[in-house]
Amino acid sequence: MVVVLTDGAPTVGETRPVEIQKAVKAANGRAARLFVFGVGHDVNVQLLDSLAEDSRGARDYVTPSQNIEVVLGRFFDRISYPVLADLSIVEVAS
């Protein structure tokens with residue numbers, strides 16, 4: 001699981017959304033879920049939505065007028081008690 005908090009659009013290093021998506025996919029060899037929190041008004045929603053969706057994670061956005069503690073609290077409530085974890089299916093011979 002990877003949690004990303006960002007305050008806006010990419011401005012340092014690689015800034016092209018398509019290239020960022022490729023780099024994230026290439027770096028995520030262990031198939032970690034990416035949970036993205038965009039903070040502020042200048043957030044690249046399309047990029048963050050796709051990063052979260054591609055990794056089976058989730059995204060949320062916080063404006064300056066919102067309390068980030070409330071949003072992060074909801075997130076931690078959701079992930080604290082997974083319904084299923086490390087599930088595997090085994091065929092049993094009869």
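The values are calculated or read from the model by the stated rules, or taken from the named source; none is laboratory data. None of these values were measured; they are calculated from a predicted model. So basically every Cβ, Gly included, is an ideal-geometry build from the backbone, and we count neighbours across all protein chains shown. Protein only, heavy atoms only, side chains kept; ligands, DNA and RNA dropped before computing areas. Shrake-Rupley method; radii C 1.70, N 1.55, O 1.52, S 1.80 Å.
Here are a few things to note about the model shown:
- 222 nm mean residue ellipticity, helices alone, for the chain (DSSP H n ≥ 4; -39,500 (n - 2.57); rounded to 500): -11000 deg cm²/dmol
- Mean Cβ neighbour count within 10 Å, used as a protection proxy, ranking 11-18, 33-40 highest first: 33-40, 11-18
- Region 1-57, accessible surface, carbon-and-sulfur percent (1.4 angstrom probe): 53 percent
- Residues whose amide H lies under 5 Å from that of residue 57, counting only those 5 or more places away or on a different chain, are 34; hydrogens are built 1.01 Å from N in the peptide plane.
- Peptides 69-77, 43-51, ordered by how many other C-beta atoms sit within 10 Å of their residues on average, highest first, read 43-51, 69-77.
- Computed about the Cα centre, the dipole magnitude for the chain is approximately 140 debye when only Lys and Arg (+1) and Asp and Glu (-1) carry charge, each at its Cβ.
- Net lengthening on full extension, residue 12/residue 60 (0.36 nm per residue, minus Cα-Cα): 15.0 nm
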